[in-house]
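The values are calculated or read from the model by the stated rules, or taken from the named source; none is laboratory data. These figures come from a predicted structure and were not determined experimentally. Every residue, glycine among them, receives a Cβ derived from its backbone with ideal geometry; neighbour counts consider all protein chains shown.
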Amino acid sequence: MKSIPFLTEEEIQKLQEAETNSSKEQKKTAEQIEAIYTSGQNILVSASAGSGKTFVMAERILDQLARGVEISQLFISTFTVKAATELKERLEKKSANKSKKAAMLTSNNT
């Protein structure tokens with residue numbers, strides 16, 4: 001699998017600005033974007049209930065995998081079984097969706 005390079009601080013800032021200026025109804029915060037795309041260091045996602053912690057964790061994990069990090073290199077921890085289950089379900093769903101899109105692209109190009 002071909003990996004993609006990690007984003008620079010400047011690229012992360014551009015994503016943050018683009019998100020701020022977008023017309024999307026539900027926008028990622030600057031902090032969420034930074035947590036998802038920052039590389040080379042461990043992060044702690046700590047916030048109040050309903051603030052998007054599971055979303056951020058799922059997006060960060062998928063981004064790390066897309067950039068060539070092996071799942072065995074990641075330490076992922078939640079404080080509740082419910083959060084762990086929800087995270088696992090989101091990852092499975094997003095992985096399945098990406099696999100379907102890749103399969104459709106492959107079949108359309110043959």
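Determine which single condition Thr20 fails, assuming it passes every other condition in (1) within 23 Å of Glu92 (Cβ to Cβ); (2) polar (S, T, N, Q); (3) over 15 Å from the mean Cα position of the chain (by Cα).
(1)
Yes/no matrix, rows are residues, columns are (1) small (Gly, Ala, Ser); (2) at pLDDT 90 or above; (3) more than 21 Å from Asn97 (Cα to Cα):
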site	(1), (2), (3)
Thr29	no, yes, yes
Ile33	no, yes, yes
Asp63	no, yes, no
Ala66	yes, yes, no
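Any residue in the range 16-27 that's part of a loop (DSSP other than H, G, I, E, B): show its pairings with residues that are surrounded by 12 or more Cβ atoms within 10 Å (Cβ to Cβ) at Cβ separation under 6 Å, as long as the two are six or more apart or on different chains.
So the pair list comes out as Lys27/Glu19.
Could you pull out the residue among Ile36, Ile12 that is closer than 26 Å to Lys82 by Cβ, in contact with a helix residue (DSSP H, G or I) (Cβ under 6 Å, 6 or more places away or on another chain) and free of Cβ contacts under 8 Å to residues at least 40 places away in the same chain?
Matching residue, one of Ile36, Ile12: Ile36.
Hey, any hits in the range 36-44 for a residue that's hydroxyl-bearing (Ser, Thr, Tyr), at pLDDT below 95 and under 15 Å from the mean Cα position of the chain (by Cα)?
Step one: of the range 36-44, the residues hydroxyl-bearing (Ser, Thr, Tyr) are 37-39.
Pick out the ones that are also at pLDDT below 95 and you get 38-39.
Filter once more, keeping what is under 15 Å from the mean Cα position of the chain (by Cα): 38-39.
So far as the range 36-44 goes, yes, one or more of its residues are hydroxyl-bearing (Ser, Thr, Tyr), at pLDDT below 95 and under 15 Å from the mean Cα position of the chain (by Cα).
Can you report the number of residues in the range 56-77 which are surrounded by 16 or more Cβ atoms within 10 Å (Cβ to Cβ) and either more than 20 Å from Ile33 (Cα to Cα) or of a type in the set (Lys, Arg) (or both)?
1
Collect the residues in the range 47-68 that are farther than 15 Å from Glu92 by Cα, touching a residue at least 60 places away in the same chain (Cβ under 8 Å) and of a type outside the set (Lys, Arg), keeping them in residue-number order.
Within the range 47-68, Gly68 is the sole residue that qualifies.
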